[in-house]
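Notes to accompany the following structure.
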Amino acid sequence: MEVTKTYLIQIEWEGPFKLIDLPTLMHDGTDYGIYQIYGKHPIYGSDVLLYIGKADYQTLGKRISQENWLDTNDSNNTKIYVGRLHGPATPSYDIWSNEIDLAERLLIYVHKPAYNSKSISSLPDNELQNIHILNWGHHRDLLPEVSGLRWTSKVYHLEYETYRWE
C-alpha cells in the first residue's frame, strides 16, 4: 500500500479590519498572506464572505487597497480578515509564495465566495490533493480544517483494502 505525504499549511487569522485600517497592514515589506473580504451582496445579504485573495509579492495592505472595495455600495461595513502562514520555521520565499497560492486556491474552491467566480469553476486537482489547511484564530466563516483529499477527485481513486470479519 502506497503512503502519500500530506502537505500541511497552517494559517493564523486576524480581524476584523476596516478599509481605513489598510495602512496598518502595510507596515512590513514582508507582510504576505491570504485575506477574506466580508460585506453586502445583493443576493446573499449583508456581512457575507465576498472574496478570498492573496498577497505574496506585495504586502496585504497594499494588495487589498488595489481592489477598490471603497467603490462598493456599503464600504463602511466592509470587514477584512488577514491570514498569515505560520509554522516552526520561515520557509524560503519560493516555498512561502507557493503555499500562499495553494492555500488561496483550495480555500476559494471549498468556500465559493461570490466575487471569486472565475476561480471556483476549476480546481487544479493534482496540485491540491495532498494539501491540508488548518485555520487558526479569527478565521470567521472558513472551515477550521480543509483537506484537498476531501475536495478533489483523489478520494474516488483510492484503493481500499477490504477486511472480512469472520
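A short reminder: the numbers here are calculations on the coordinates, not readings from a lab. Just so it is clear, the model here is predicted, and its values are computed rather than measured. So basically every Cβ, Gly included, is an ideal-geometry build from the backbone, and we count neighbours across all protein chains shown.
For Tyr57 and Trp136, the FRET efficiency from 1/(1 + (r/R0)^6), where r spans their Cβ atoms and R0 equals 30 Å, is about 0.80. Counted by Cβ distance under 9 Å from Gly39, the other residues give a net charge of 0, where Lys and Arg count +1 and Asp and Glu count -1. Here Ser75, Ser147 are placed in order of increasing Cβ neighbour count within 10 Å, fewest first, which gives Ser75, Ser147.
Nearest 0.05, what FRET efficiency do Thr90 and Lys118 give at R0 = 25 Å with Cβ-Cβ as r? It comes out at approximately 0.20.
Placing a pseudo-label 7 Å from each Cα along the Cα-to-Cβ vector at Asp21 and Tyr44 gives an inter-label distance of 2.0 nm. Eigenvalues of the alpha-carbon gyration tensor of the stretch 7-157, scaled by 5 and square-rooted, set the equivalent ellipsoid semi-axes at 24, 20, 12 angstrom, largest first.
Where both partners of a DSSP beta bridge lie in the stretch 7-157, what percent of those bridges are antiparallel, to the nearest 5? If I count the DSSP bridges inside the stretch 7-157, around 75 percent turn out antiparallel.
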